[in-house]
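Have a look at the structure below, then the notes.
The values are calculated or read from the model by the stated rules, or taken from the named source; none is laboratory data. These numbers were taken from a predicted model, which means no experiment stands behind them. Reconstructed Cβ throughout: ideal geometry from the backbone, glycine too, with neighbour counts over all protein chains shown.
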Amino acid sequence: MTKLISNLNQLEASELTRRLREEDLTYLFKHALVQDTAYASLLLQERKRLHRLVGEALERVYPEQRAELAPVLARHFAEAGNDAKTLEYAELSGDTARRINARAEALTCYTRALNLALKTHAPGAQLQELYLKRGRVMEVMGDFQAALENYDALLAQSAARADSALELAALMAQATIRSIPSAAHDIARAQALNDRALELARALDDKAAQAKILWNLMLMHSRVGISFQRAFQYGKEALEIAQENNLRERLAYVLNDLSPMYYYAGESELGKQANLQARAMWRELDNMPMLSGNYGYAAMNQLFAGEYAEAVVASQEGVKLSREIGNEWNEAFAQAWVGEAYVELGEIETAERVMLAAIELGGRAFPPALLMTRSQLARLASDFGDATRGVELSELALEEARLRFPSMHLVAASAFAQAVMAQGELERARRILADTPRALEMDTNPMYVADALRSQVELELAEENFADALALCEQLRAYAERSTLRHRLPQVMLAQARALTGLERLAEAARILTQARALATELNARWGLWQILATSARLETTRGNLENAQALRAQARVLIDYIAARAPEKYRAGFLERAQGQL
């Protein structure tokens, strides 16, 4: 040791090196050429020996810092020719990089580890873990095609090794990508992959795999609205298996995606608890992508429940976390639905900005925003007098439905019909809405059903088919109450009152408007409330209650002014003129 220190002092005195830290005798060559020359002067075997000694010394001296030192250890053991150690530390480097969201670095490390695993004929379990880790990084980066190719390579390895466990892992990973509404969404292929995977999982008696496949099937049937009841059943089966077998991470996934389905089933408290339980588990597991997505679900759930301020807070937290980890899918997801909450709160300019952001991100990462959020924005434009823009946006949404999400067609069609009605083309709107009356009979996502029927109700009212409008409102109101879609109720009740007024059942209309006013006030739904107040004022005038009518108009004007002040300037004057015309 004395000789080593003497030599180091001599090098420092010669100005070939300089000391970085006194406490651990860390030195740096003053010029890279000096380092290269010194390194090149060593014989190959001597170099390898020294790299091995350095690596072993670092392991021995810093056992608690292996993760931090993993890149350095991987380099030394690679130079020493120790493939097993290099593989170990390359994978650990990938884990560390993934944990801090350095995804490009994680991808490089996992690829290096995977190549070494293939070279050294690593056990199937290790190979599987590396393929899945690398694929997950690709998915978080939004490169679903690369992830599918990665899982194809795992599938090829399963065939070469005749390893059913590898085949099962590859099938499940591909099925998840095909089941969710990603750029690679494909229902037919998802079904085939899930069917084959479930057959294998049962043959292998792999409970964890069975829970994941049932979760996949829940996603496939619920995310794009194929069959709500089947999706809910799959989710409950997955939950039962995860709980019985103490599959903690899978339990978190299932609870996360079951939460909105509980809301739809009228069990909102179970939905809220499922979301919060999953959130706590994601924090415990340090899974930031899933945590940020969890906030997106919370925003959606709270929107359904009419908890607009809470939905906004959850959305903002989801966006913040998503940006921190660079996850555009979750960033779009957290904003895809919340625009409607901003509208009801009267924050119109913010609503438009958030919707546009979700649509822009949707083009790169989250395709449903190109349909759902565009339809919301089309409605907003039509409501504020820009029916031309409403038509343009809803036509784009319809094209997205045709290309990728046919089960969401009714949502885009409803927005399109609203825009067309705003242009006075009632007959064209009826043709567009030809399929919507049967929506209540469909076993689909309740959110799509409620959205689809909004314009049908408006059309019946516009054509003065008051009895038909009333029947549809009563059905839709019962459906929304059963499905915990409280955010739809004030507008449905307003339409119900308008239909009753058209049928000259004024006392009943007044009673419904009182209920609607109370609920909209409770929800702080300014957008719906001003319309309810304006309609109530007109009704009270008709009934001869002029003092009540005047008070209602005054309340409505306060809300109209609030909304106008927070609307984009391009809409403000037109909105004020139309709103005053309804008082």
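Comparison of 65, 128 shows that the only residue that is in a helix (DSSP H, G or I) and more than 27 Å from residue 327 (Cβ to Cβ) is 65. Filtering segment 520-545 to residues that are surrounded by fewer than 18 Cβ atoms within 10 Å (Cβ to Cβ) and assigned to a helix (DSSP H, G or I) leaves 521, 522, 538, 541, 542.
Could you tell me whether residue 345 is surrounded by 24 or more Cβ atoms within 10 Å (Cβ to Cβ), closer than 22 Å to residue 447 by Cα and more than 10 Å from the chain's Cα centre (by Cα)? Taking the combined requirement at face value, the residue does not satisfy it. Being within 28 Å of residue 400 (Cβ to Cβ) and touching a residue at least 40 places away in the same chain (Cβ under 8 Å) is a property that residue 164 lacks. Is at least one residue of segment 458-474 farther than 25 Å from residue 427 by Cβ and free of Cβ contacts under 8 Å to residues at least 40 places away in the same chain? Yes: one or more hits. Would you confirm whether or not segment 408-425 contains a residue that is surrounded by fewer than 23 Cβ atoms within 10 Å (Cβ to Cβ) and outside any loop (DSSP other than H, G, I, E, B)? Yes, some residue in segment 408-425 is surrounded by fewer than 23 Cβ atoms within 10 Å (Cβ to Cβ) and outside any loop (DSSP other than H, G, I, E, B).
Scanning segment 358-367 for residues that are surrounded by 24 or more Cβ atoms within 10 Å (Cβ to Cβ) and either in a loop (DSSP other than H, G, I, E, B) or in contact (Cβ under 8 Å) with a residue 60 or more places away in the chain (or both) yields a count of 1. Checked against (1) in a helix (DSSP H, G or I); (2) over 22 Å from residue 140 (Cα atoms); (3) not hydroxyl-bearing (Ser, Thr, Tyr), residue 330 passes all but condition (2). Of all residues assigned to segment 466-473, none qualifies as being in a helix (DSSP H, G or I), of a type in the set (Gly, Ala, Ser) and closer than 27 Å to residue 310 by Cα. Applying the criterion of being surrounded by fewer than 16 Cβ atoms within 10 Å (Cβ to Cβ) and of a type in the set (Gly, Ala, Ser) to the residues of segment 551-583, the residue that is nearest to the chain's Cα centre (by Cα) is 565. Scanning segment 303-339 for residues being acidic (Asp, Glu) and buried (at least 24 other Cβ atoms within 10 Å of the Cβ) gives a total of 1. Looking across 173, 211, one residue alone is within 22 Å of residue 142 (Cα to Cα), in contact (Cβ under 8 Å) with a residue 24 or more places away in the chain, in contact with a Leu (Cβ under 7 Å, 6 or more places away or on another chain) and crowded, with 23+ Cβ neighbours inside 10 Å. It is 173. When each of 450, 469 is tested for being more than 32 Å from the chain's Cα centre (by Cα), outside the structural domain of residue 218 (by TED's automatic domain parsing) and closer than 25 Å to residue 394 by Cβ, the lone residue that passes is 469.
Would you call residue 406 within 18 Å of residue 375 (Cα to Cα) and free of Cβ contacts under 8 Å to residues at least 12 places away in the same chain? Criteria met by residue 406. For the subset of segment 212-245 comprising residues that are at pLDDT below 95, in a loop (DSSP other than H, G, I, E, B) and not basic (Lys, Arg), which member is nearest to the chain's Cα centre (by Cα)? Selected residue: 224. Against the numbered list (1) in contact (Cβ under 8 Å) with a residue 12 or more places away in the chain; (2) more than 24 Å from residue 363 (Cβ to Cβ), residue 205 comes up short only at (1).
Residue 548: out of contact with any strand residue (DSSP E or B) (no Cβ under 8 Å at 6 or more places or on another chain), surrounded by fewer than 16 Cβ atoms within 10 Å (Cβ to Cβ) and either modelled with pLDDT of 95 or more or not hydrophobic (A, V, I, L, M, F, W, C) (or both), yes or no? The answer is no for residue 548. Number of residues in segment 151-173 that are in contact with a Gly (Cβ under 9 Å, 6 or more places away or on another chain) and over 18 Å from residue 123 (Cα atoms): the value is 1. The residues on offer are 500, 440, and the sole one that is surrounded by 21 or more Cβ atoms within 10 Å (Cβ to Cβ) and either assigned by TED's automatic domain parsing to the domain that holds residue 230 or in a helix (DSSP H, G or I) (or both) is 500.
Checked against the criterion of being of a type in the set (Gly, Ala, Ser), touching a helix residue (DSSP H, G or I) at 6+ places or on another chain (Cβ under 8 Å) and more than 24 Å from residue 288 (Cα to Cα), segment 61-78 contains one or more residues that satisfy it. Got at least one residue in segment 365-377 being of a type in the set (A, V, I, L, M, F, W, C) and more than 24 Å from residue 289 (Cβ to Cβ)? Yes, the conditions are met somewhere in segment 365-377.
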